[in-house]
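Everything on this sheet refers to the single structure shown next.
The values are calculated or read from the model by the stated rules, or taken from the named source; none is laboratory data. For clarity, every value in this text was computed on a predicted model and none was experimentally measured. Note that each Cβ is placed from the backbone with ideal geometry, even for glycine, and that neighbours are counted across all protein chains shown.
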Amino acid sequence: MKKRPFSVVCDAHLRRKSGAGGTATLSFLSPTNSTLIQNAQSASSSAASHAYSTGSTISNHHPKSDSSVRSGSRGLRSNIDSISNLDEALGFYKQMARMRPLPSVAHFNRLLGRIVKMKQYLVVLSLYRDEAELGCIPLDEYALNIVINCYCFLGKVHFGFSIFGGFFKRGILPNTATFNTLLKGLFWEHKIHEAQGLFKKIIYEKLCVPNKITYGTVIDGLSKAGNTSMAIQVLRFMEKGGRCRPDTVAYSTIIDGLCKDKMMDQALSLLHEMIEKGIAPDVITYNCLVRGLCNLSKWKDVEKLLTEMKAYNIVPNVITFSILIDALCKEGQLEGAEEVLKIMIEQNQKPDNATYSALMDGYCLQGRMDEAKIVFDKMAASGLNPDVQSHSILINGYMKKMKVEAAMSLFQEIRHKGLTPNVATYNTVLQGLFSVRRYLTAVEAFDEMRAAGIKPDFYTYCVLLNGLCKNSHVEEALQFLHKMEVDGVDCHITMYNIVLDGLCKCGKLDSARHLFYGLSSKGLDPNVSTYSTMINGLFSEGFLQEAKEFIKKMEENGCTPNLITFNIIVQGLLKAGEFNDAVVYFDEMDRRGFWLYLSTFSLLLDSYRDSGNDPSIFKIIEKFAQKMGNGSLNTGEGGSYP
């Protein structure tokens, strides 16, 4: 049996001394929980081996310093550093490959690094294979680390572990950078458990000497995954370990995670802790806290932080001001946002695209499109180039005000400026066009989007299906949904709910039933919205008994009716004259604390009259009427079916 990439790490020759002092332990990384390396899959090593193995014998010699580089190396390095595009890089690689003697591996590595900066990761992998096949270029740990890094950027960390196995075939020991790159790749792919396992191995089996980048990668990965408590454990371990003490970056990363989790008390406590320990917070630290407090509308605390920043001579930067402007705009305080912008400029902080976009979005949210356009023009006049996000905000504002021509003109302007609309831009355009019943234009925009190579996302499909249904093209929506299934799109239950709602509202119950009963074969479970849609459709078409069966089936399948479901049920029963059954559901609504939609209450009053003043219905009216002053009646959305 082939050795698994992780298990190779356990080889005795890799267990070097790390010199990491202290005996601190990490509870979530206790040695007894170490399973990653033993249980890891082969990480597609056979596939990577097939693609990149050479079968050639590689020399164990690899240059260590510039002293081993041939004469003229400075000129060669200068030429590599001056490369500005991929064509130049590939041309220069061919020249280097023809040189005799060949340039050193350090020069080839420098060239690969240059191409990595161009984000041409597949090209780097191809050149790596070419270097390996040449056989006379002694690949070193730096070259292999570059390759692993490229796989991580491509979201293929399992191939990175295949290359990791190549270290030992060449008699090369992985270094700290190798493990840092693998950790980064695992976290990027949200393989948190595997990343924790690898980190645990690094610590307890001394696979390498962890540095600040190692700890920073783990703290960042855990914090972004919402595991801030584990990130704090790593911070405490650093404090006791002795070699790498926590710094501003480590503290700021965790503070940012806590702020995003709305744990502001803990975040502020960590801020005070780092100050007490002599670790100076910087503007990034405070920006995290300012954003967190703004998101919770804790303006007094924001003011205290800004005062504290001034006391520590930390100057607010563009990001600080942009955060404040964005928060004020979202709360409708546009005059306050404009005042902050004025102060920002007075303090020689130049507003950027994010600043102007936040202010523009604020005006759009209030429908003040003329002022939003003024901000957009001001952005361009200040020397900035409005980006796709800026255009999308304005397009969305125009669409919501039904100014479709202005929105579409701006949409066309994006491409004329050499920019590429993104999926969010297209989603906004599609929704706007469907809302004004420009069905054909919306379909053309969707086709144009796919032709441009922009992949539709979950929201795109939902907008398209909903738009088709709302524009009386339900059959076309159903056909498109089936095409999505054939094309391998990951169809969410929400997409089926949209089409089911369209079918029910146009009375196509046979098609709706067929679609509903086919969900299980697709591995999908109906949710509360699915059942509510079907129940509403059946009541609307007079299928009273079948609607009752769906209610029963819903409860048997563990799907709890919600506010919308109950309003649908009682409205359906009242319309059918099933007053006794309706009273049962009204009582259940009251028990669960649900309120009536205004349309439901109005129907209840009509039913009381039609029932000949039924006393049981009167009790229901009396009970819910008492709650009117407490806001227990709601107009809902969409009348009888919110």
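Could you please find all residues in region 288-336 being part of a helix (DSSP H, G or I) and within 15 Å of Gln349 (Cα to Cα)?
Scanning region 288-336 gives Val318, Ile319, Thr320, Phe321, Ser322, Ile323, Leu324, Ile325.
Do any helices (runs of 4 or more DSSP H) lying entirely in region 417-502 carry at least 2 residues that are under 27 Å from Met534 (Cα atoms) and within 27 Å of the chain's Cα centre (by Cα), and which ones are they?
Passing ranges, in order: 423-435, 458-470, 474-486.
How many residues does region 590-612 contain that are free of Cβ contacts under 8 Å to residues at least 12 places away in the same chain and buried (at least 19 other Cβ atoms within 10 Å of the Cβ)?
0
Does region 449-459 include one or more residues that are out of contact with any Asp or Glu (no Cβ under 9 Å at 6 or more places or on another chain), of a type outside the set (Lys, Arg) and under 26 Å from Asn536 (Cβ atoms)?
Yes.
Mind listing whichever residues of region 212-269 are among the acidic types (Asp, Glu) and either touching a Lys or Arg at 6+ places or on another chain (Cβ under 8 Å) or closer than 17 Å to Ile284 by Cβ (or both)? Walk me through how you get there before you give the answer.
First, pick out the residues of region 212-269 that are among the acidic types (Asp, Glu): 220, 239, 247, 256, 261, 265.
Hits for region 212-269 are Asp220, Glu239, Asp247, Asp256.
Looking at Asn557, Asn536 in this structure, which one is under 20 Å from Leu596 (Cα atoms) and touching a helix residue (DSSP H, G or I) at 6+ places or on another chain (Cβ under 9 Å)?
Working: Asn557 fails: under 20 Å from Leu596 (Cα atoms).
Just one listed residue meets the conditions, Asn536.
Would you check which residues across region 381-406 are in a loop (DSSP other than H, G, I, E, B) and surrounded by fewer than 22 Cβ atoms within 10 Å (Cβ to Cβ) and list them?
Result: Ser382, Gly383, Leu384, Asn385, Asp387, Lys401, Met402, Lys403.
Test each condition in (1) assigned to a helix (DSSP H, G or I); (2) crowded, with 18+ Cβ neighbours inside 10 Å for Ile345 and report the one that comes out false.
Unmet condition: (2).
Against the condition in the same structural domain as Ala445 (by TED's automatic domain parsing), buried (at least 18 other Cβ atoms within 10 Å of the Cβ) and not aliphatic (A, V, I, L, M), how does Ser409 come out, does it pass? Break it down into steps so the answer makes sense when it comes.
Details: in the same structural domain as Ala445 (by TED's automatic domain parsing): yes; buried (at least 18 other Cβ atoms within 10 Å of the Cβ): no; not aliphatic (A, V, I, L, M): yes.
Considered against the rule, which asks whether it is in the same structural domain as Ala445 (by TED's automatic domain parsing), buried (at least 18 other Cβ atoms within 10 Å of the Cβ) and not aliphatic (A, V, I, L, M), Ser409 comes out as no.
Starting from region 334-353, keep only residues that are free of Cβ contacts under 8 Å to residues at least 60 places away in the same chain and of a type in the set (Val, Ile, Thr), then list their pairs with residues that are assigned to a helix (DSSP H, G or I) and crowded, with 18+ Cβ neighbours inside 10 Å whose Cβ atoms are within a distance under 9 Å, requiring at least 6 positions of separation or different chains.
Note: pairs meeting the criteria are Val340/Phe321; Val340/Leu324; Val340/Ile325; Val340/Leu328; Ile343/Phe321.
Any chance you could count how many residues in region 292-327 are more than 28 Å from the chain's Cα centre (by Cα) and either on the phi < 0 side of the Ramachandran plot or buried (at least 16 other Cβ atoms within 10 Å of the Cβ) (or both)?
Initially, region 292-327 is screened for residues more than 28 Å from the chain's Cα centre (by Cα), giving 300-301, 303-315.
If we keep only those that are either on the phi < 0 side of the Ramachandran plot or buried (at least 16 other Cβ atoms within 10 Å of the Cβ) (or both) as well, we get 300-301, 303-312, 314-315.
Of the residues in that region, 14 qualify.
May I ask you to list the residues in region 261-277 that are in contact (Cβ under 8 Å) with a residue 12 or more places away in the chain and aliphatic (A, V, I, L, M)?
Once the filter is applied, which keeps residues that are in contact (Cβ under 8 Å) with a residue 12 or more places away in the chain and aliphatic (A, V, I, L, M), region 261-277 yields Met263, Met264, Ala267, Leu268, Leu270, Leu271, Met274.
Is one or more of the residues making up region 552-566 closer than 30 Å to Val423 by Cα, of a type in the set (A, V, I, L, M, F, W, C) and either surrounded by fewer than 23 Cβ atoms within 10 Å (Cβ to Cβ) or touching a strand residue (DSSP E or B) at 6+ places or on another chain (Cβ under 7 Å) (or both)?
Here is the first cut: in region 552-566, the ones closer than 30 Å to Val423 by Cα are none.
No: zero hits.
Which residue is nearest to Leu544 (Cα to Cα), if the candidates are limited to region 567-584 and must be surrounded by 22 or more Cβ atoms within 10 Å (Cβ to Cβ) and not small (Gly, Ala, Ser)?
Step one: of region 567-584, the residues surrounded by 22 or more Cβ atoms within 10 Å (Cβ to Cβ) are 567-574, 582.
If we keep only those that are not small (Gly, Ala, Ser) as well, we get 567-571, 573-574.
Working: Asn567: 15, Ile568: 12, Ile569: 10, Val570: 12, Gln571: 12, Leu573: 8, Leu574: 11 Å.
Applying the filter and picking the extreme gives Leu573.
Go through the residues of region 154-166 one by one and say whether even a single one is farther than 24 Å from Tyr121 by Cα and within 21 Å of the chain's Cα centre (by Cα). Show your work before the answer.
Here is the first cut: in region 154-166, the ones farther than 24 Å from Tyr121 by Cα are none.
No, that holds for no residue.
Going by what's in this entry, would Glu308 be described as without any contact (Cβ under 8 Å) to a residue 60 or more places away in the chain and farther than 29 Å from Gly278 by Cβ? Give the derivation first.
On the way: without any contact (Cβ under 8 Å) to a residue 60 or more places away in the chain: yes; farther than 29 Å from Gly278 by Cβ: no.
Criteria not met by Glu308.
Assess whether Ile617 counts as being at pLDDT below 85, surrounded by 18 or more Cβ atoms within 10 Å (Cβ to Cβ) and not in a loop (DSSP other than H, G, I, E, B). Don't jump to the end; show me each part of the working.
Numbers: at pLDDT below 85: yes; surrounded by 18 or more Cβ atoms within 10 Å (Cβ to Cβ): yes; not in a loop (DSSP other than H, G, I, E, B): yes.
Yes; evaluated as a whole, the condition is true for this residue.
Against the condition part of a loop (DSSP other than H, G, I, E, B), at pLDDT 50 or above and farther than 18 Å from Pro138 by Cα, how does Ser78 come out, does it pass?
Numbers: part of a loop (DSSP other than H, G, I, E, B): no; at pLDDT 50 or above: yes; farther than 18 Å from Pro138 by Cα: yes.
So Ser78 fails the test.
Please verify whether region 252-260 includes one or more residues that are under 16 Å from Ser223 (Cβ atoms), surrounded by fewer than 17 Cβ atoms within 10 Å (Cβ to Cβ) and out of contact with any Cys (no Cβ under 6 Å at 6 or more places or on another chain).
no
For region 165-185, which residues satisfy the criterion of being assigned to a helix (DSSP H, G or I) and at pLDDT below 90? Talk me through it step by step, then tell me what you get.
Residues of region 165-185 that are assigned to a helix (DSSP H, G or I), as a first pass: 165-169, 176-185.
If the condition is that a residue be assigned to a helix (DSSP H, G or I) and at pLDDT below 90, then Gly165, Gly166, Phe167, Phe168, Lys169 are the ones that fit.
Name every residue in region 133-152 that is surrounded by fewer than 19 Cβ atoms within 10 Å (Cβ to Cβ) and among the hydrophobic types (A, V, I, L, M, F, W, C), in order of residue number.
Across region 133-152, the qualifying residues are Leu134, Cys136.
Within the bounds of region 532-544, is there any residue that is surrounded by fewer than 16 Cβ atoms within 10 Å (Cβ to Cβ), modelled with pLDDT of 90 or more, closer than 28 Å to Asp590 by Cα and out of contact with any strand residue (DSSP E or B) (no Cβ under 7 Å at 6 or more places or on another chain)? Let's see the steps before the verdict.
Initial filter on region 532-544 (surrounded by fewer than 16 Cβ atoms within 10 Å (Cβ to Cβ)): 541-542.
Now restrict to residues that are modelled with pLDDT of 90 or more: 541-542.
If we keep only those that are closer than 28 Å to Asp590 by Cα as well, we get 541-542.
Among the residues that remain, those that are also out of contact with any strand residue (DSSP E or B) (no Cβ under 7 Å at 6 or more places or on another chain) are: 541-542.
Within region 532-544 (the criterion being surrounded by fewer than 16 Cβ atoms within 10 Å (Cβ to Cβ), modelled with pLDDT of 90 or more, closer than 28 Å to Asp590 by Cα and out of contact with any strand residue (DSSP E or B) (no Cβ under 7 Å at 6 or more places or on another chain)), the answer is yes, since at least one residue qualifies.
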